[in-house]
Structures are given as C-alpha cells and as structure tokens.
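The values are calculated or read from the model by the stated rules, or taken from the named source; none is laboratory data. On a predicted model such as this, the values are computed, not experimentally measured, just so you know. Note that we place each Cβ from the backbone using ideal geometry, even for glycine, and neighbour counts take in every protein chain shown. Quick note on the areas: whole protein, heavy atoms, side chains included, nothing else; ligands and nucleic acids left out. Shrake-Rupley method; radii C 1.70, N 1.55, O 1.52, S 1.80 Å.
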Amino acid sequence: GQRSTLDFHLPKLTLLTSRKGNSSQYPDYDFSDQFMVEIKLIKANLSNASLSNANLSNADLRCANLSNVKANGTDFRHAKLTGACLQNWSINPATQFDHVECEYVYLSPEQQPSDRRPLSGNFKPGDFEKLVDKFADTLDFILRQGIDPATFRQALSHFCQGHPAAKIERIIALDDQCVLVQVTVPATTNKVAAYISFHTKLTQLNQHPQAVQAKTCDLKSAIPENQSTKTLLAQLLDTSTPSSIVL
C-alpha cells in the first residue's frame, strides 16, 4: 500500500539531525530547501528524491543513487560525487558544482562499464563541472591545452577509419582550454575498448608522429551554429598545419 507520512518524516528527521545516511534508503523523499551541509550519504538511494534548492555543500555522495533526482538550484559546492549515478537527474543553471570532487560517475544504477563516464580513467580536476550538463550516450573525447590539435585530429582520423559507422555528433568549446568531441557508435560497439583505443593512438601519435591521413570524417558539420570557434576549437579546425588530416 501507500507509505504513510510518518514513513517519510521520521527517517528524514533522523537524517537531517544526525547528518549520517550512508547506505540508507531515501527514494521519493522531499529534501527541497533543506540545509544538508557535510551530510554523509555514501551509497545512499536517493532515486526520485527532490533536492531542489537544498544546500549540500561539502556533502559526501560517493556512489549514491541520484537517478531521477530533482536538483534545480542545489548547492553541491565542494561535494564528493565520485561513483554517483546521475541517470535522468534534473539540474539547471542555478545548480552549483564549484570545486566538486568527482573522478567518475555512472549513467545508470546497473553501473555497467559502458555506463561509466569517463569510460576509462578519471576526470581531471574541473572536468565534471564542465561536462555535467553534457553527459550522453556518446564517446567523449577532450582536446585540452597542451595536446597538439593536429595530432588530435589525426587520432580522430584513425578512429574513424577503424570505426566506419562512427559519427561525430557535436564539437563544443567548453572553455578556452578544453574542446569536447562527442562521437556516437553502434550499440554493439564495445565503448570502453573504443575509448581506450582512441587514447592509445593519441599517445602513440604524440610520441611518433605519422604522415597525413586521408579524409575520414567531417568535423565542421558537427559544430553547433551558435558555437564560437576560438582558441583550441579554431586550431582543431585549422587544416593548414603541416601534420593535419584533410577534412
């Protein structure tokens, strides 16, 4: 039958008082506007809960289930989110993620390897804040300051040659120092292996540059119309450099 008001009220009051909710169950709970600073919710189930406008700064949400959570205007500054499930959660521009500690997240509660982001390795500091509203069922390759854009293009060329059904969906300048390239592949593709293969080739090309590759993919068509083409993004598209691939 339906859960009574007490079924929700007592655990909620206990949590807000003790600040300890590790491995506990809070599905469908309403924590809107609550003061939850430094609360401990490691491995807690918060699926379908409302956290809108709540203050969860410095909260520990590692491996928590945040699927279908409403987090509009929520303060997650300095929170720990490594291993959390973010499937279908709702955030908005007022949601704050400054200085979040997050090495990786999952896009489903099943936590399959293909649901992990990044698919291999960990986010670098600041990555999560830039990518949090862009997670999708894609391979996400990031061109960072310090990586040669021409070499990155060549690695993309090799990837497209090895995965003819791959499609570059979007290229987004996250800021002046990071460009996100989102690539879709068929559902049967081993995404983890594909992701690792791209980065392995990128490392190899950095160490041992190779000759110019033939045309294999179109980058310019993947850029949104309102996307500013500056800094790294402009360099990624600039095919005049000697080692660039032909687009």
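Of the residues that make up region 191-198, is at least one surrounded by fewer than 17 Cβ atoms within 10 Å (Cβ to Cβ), β-branched (Val, Ile, Thr) and touching a Leu at 6+ places or on another chain (Cβ under 6 Å)?
yes
Scan region 143-160 and report the pairs whose first residue is among the polar types (S, T, N, Q) and whose second residue is open to solvent by 40 Å² or more (accessible area, probe 1.4 Å) and assigned to a helix (DSSP H, G or I), with Cβ atoms within less than 6 Å and a gap of 6+ or a chain change.
These pairs meet every condition: 151/206.
Which of the numbered conditions does residue 131 fail, given that it passes all the others? Conditions: (1) surrounded by fewer than 20 Cβ atoms within 10 Å (Cβ to Cβ); (2) under 23 Å from residue 84 (Cβ atoms).
(1)
Identify, please: which residue in region 134-170 is outside any loop (DSSP other than H, G, I, E, B) and of a type in the set (Asp, Glu) and is, among those, least open to solvent (accessible area, probe 1.4 Å)?
By that ranking, first place goes to 140.
Here is a list: 76, 97, 8, 31. Which entry is among the hydrophobic types (A, V, I, L, M, F, W, C), surrounded by fewer than 19 Cβ atoms within 10 Å (Cβ to Cβ) and either modelled with pLDDT of 95 or more or in contact with a strand residue (DSSP E or B) (Cβ under 9 Å, 6 or more places away or on another chain) (or both)?
Result: 8 is the single residue among 76, 97, 8, 31 that is among the hydrophobic types (A, V, I, L, M, F, W, C), surrounded by fewer than 19 Cβ atoms within 10 Å (Cβ to Cβ) and either modelled with pLDDT of 95 or more or in contact with a strand residue (DSSP E or B) (Cβ under 9 Å, 6 or more places away or on another chain) (or both).
Of (1) touching a residue at least 12 places away in the same chain (Cβ under 8 Å); (2) charged (D, E, K, R); (3) out of contact with any Leu (no Cβ under 7 Å at 6 or more places or on another chain), residue 134 satisfies all except one. Which?
Checking residue 134 against (1) touching a residue at least 12 places away in the same chain (Cβ under 8 Å); (2) charged (D, E, K, R); (3) out of contact with any Leu (no Cβ under 7 Å at 6 or more places or on another chain), the one that fails is (3).
Can you pull out the residues in region 48-73 that are within 14 Å of residue 30 (Cβ to Cβ) and open to solvent by less than 10 Å² (accessible area, probe 1.4 Å)? Give the steps one after another, and end with the answer.
Taking region 48-73 as the starting set, the residues that turn out to be within 14 Å of residue 30 (Cβ to Cβ) are 48-54, 68-72.
If the condition is that a residue be within 14 Å of residue 30 (Cβ to Cβ) and open to solvent by less than 10 Å² (accessible area, probe 1.4 Å), then 49, 51, 54, 69, 71 are the ones that fit.
Based on what the data block shows, is residue 83 more than 17 Å from residue 21 (Cα to Cα), surrounded by fewer than 20 Cβ atoms within 10 Å (Cβ to Cβ) and small (Gly, Ala, Ser)?
In short, no.
Which pairs have Cβ atoms under 6 Å, sit 6 or more apart or on different chains, and link a residue in region 177-206 that is free of Cβ contacts under 8 Å to residues at least 24 places away in the same chain to one that is of a type in the set (A, V, I, L, M)?
Sorted first by the residue in region 177-206, then by its partner, the pairs are 186/165.
Quick grid of which residues meet (1) over 19 Å from residue 111 (Cβ atoms); (2) among the charged types (D, E, K, R); (3) touching a His at 6+ places or on another chain (Cβ under 7 Å); (4) in a strand (DSSP E or B):
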| site | (1), (2), (3), (4) |
| --- | --- |
| 13 | yes, no, no, no |
| 27 | no, no, no, no |
| 32 | yes, no, no, no |
| 47 | no, no, no, no |
| 57 | yes, no, yes, no |
| 72 | yes, no, no, no |
| 78 | yes, no, yes, no |
| 88 | no, no, no, no |
| 93 | yes, no, no, no |
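Contact list please: Cβ distance under 6 Å, first residue in region 63-79 and charged (D, E, K, R), second residue not in a loop (DSSP other than H, G, I, E, B), pairs at least six apart or on different chains.
Note: pairs meeting the criteria are 70/50; 70/90; 75/55; 75/96; 77/96.
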